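The values are calculated or read from the model by the stated rules, or taken from the named source; none is laboratory data. As the structure is a prediction and not an experimental result, all values here were calculated from the model. Cβ placement follows ideal geometry from the backbone for every residue including glycine, while neighbour counts extend to all protein chains displayed. For accessibility, only protein heavy atoms count, side chains too; no ligands or nucleic acids. Shrake-Rupley method; radii C 1.70, N 1.55, O 1.52, S 1.80 Å.
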Amino acid sequence: MGGCVVRELIGSHDLLFVTLDTLRYDVAVECLADGRTPYLAKVLPGGVWERRHSPASFTYAAHHAFFAGFLPTPVTPGPHERLFAARFGGSETSGPDTYVFDAPDLPTALATAGYHTVCLGGVGFFNPATPLGRVLPGLFAEAHWEKAFGVTAPDCFGAQIDRLQTIVDGLPANRPLFTFVNVAALHQPNRHYVPSAPHDDLATHAAALEYVDGRLDRLFSLVTGRGRPCQVILCSDHGTLYGEDGHTGHRVAHESVWTVPYADFILDAR
């Protein structure tokens, strides 16, 4: 888990949790090996993605698990101590280094600890136009979604960072910040990242990741520019399928859906 002890960082560090929605592990690893994601190559611990299994096969379920402390699970035999966890009897993966909280979810716990909590949604489960789309954002003190953040917007990630810039500019420097960003670029449709591509496929999925890599430097510079270090969690919530075994999309029990890239690390304050 990158050697970090989140329990010891609460209050002194900002936190950034980024889900690269729908990013496949195999595509992430291939892009890294081919030099197509140079910024990730610099920041990932050891320059590699960790292979993990998601707790769910689609966004809504996976994020409920994440916010309760069930991040993607290492593929090696466990038990594996978790970074953070909502307290409940019988937990076998909470240990001495786990940040255990008496709240149903991480945003609520961090708000109680004095953090300003911000959600920048991407895919439709963060669109507040429907009651379902207000459930996950409703865990945060401040939540934003607009069409420019969504799956059809080619610069969705850039638009989210623009909004975060405005939030950071208006937040007192002494107020710790928990930022959650759900990045929609990898999710279908992603063919707009390859000019003239007739349909979504693994190539357009990879091109979407290249686009995201090109914006991460700005995001990380922003969250480290408040005078305190930042604990980062960066992962996919699930993979997706482009015709494998006859499947398109996700919410199915398939290796390419369950297997996700994961990393956590600390960025020093600028």
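Counting only strands (runs of 3 or more DSSP E) that sit completely within segment 66-170, those holding 3 or more residues that are at pLDDT below 95 and either over 19 Å from Y262 (Cα atoms) or touching a Gly at 6+ places or on another chain (Cβ under 9 Å) (or both) correspond to 84-86, 99-101.
Taken together, the residues in segment 156-172 that are open to solvent by 30 Å² or more (accessible area, probe 1.4 Å) and in contact (Cβ under 8 Å) with a residue 40 or more places away in the chain amount to 2. For segment 41-65, a residue qualifies if it is in contact (Cβ under 8 Å) with a residue 12 or more places away in the chain, under 18 Å from D21 (Cβ atoms), open to solvent by 20 Å² or more (accessible area, probe 1.4 Å) and in a helix (DSSP H, G or I), and the qualifying residues are Y60, H64. With respect to (1) open to solvent by 30 Å² or more (accessible area, probe 1.4 Å); (2) out of contact with any His (no Cβ under 9 Å at 6 or more places or on another chain); (3) among the polar types (S, T, N, Q), the lone exception for T37 is condition (1). A Cβ distance below 8 Å, combined with a sequence gap of six or more or placement on separate chains, defines the contacts here; from segment 21-37, residues that are within 15 Å of G239 (Cα to Cα) reach residues that are at pLDDT below 95 and surrounded by 22 or more Cβ atoms within 10 Å (Cβ to Cβ) in the pairs T22/H250. Going by the conditions given, is L15 part of a strand (DSSP E or B) and modelled with pLDDT of 95 or more? It is true that L15 is part of a strand (DSSP E or B) and modelled with pLDDT of 95 or more.
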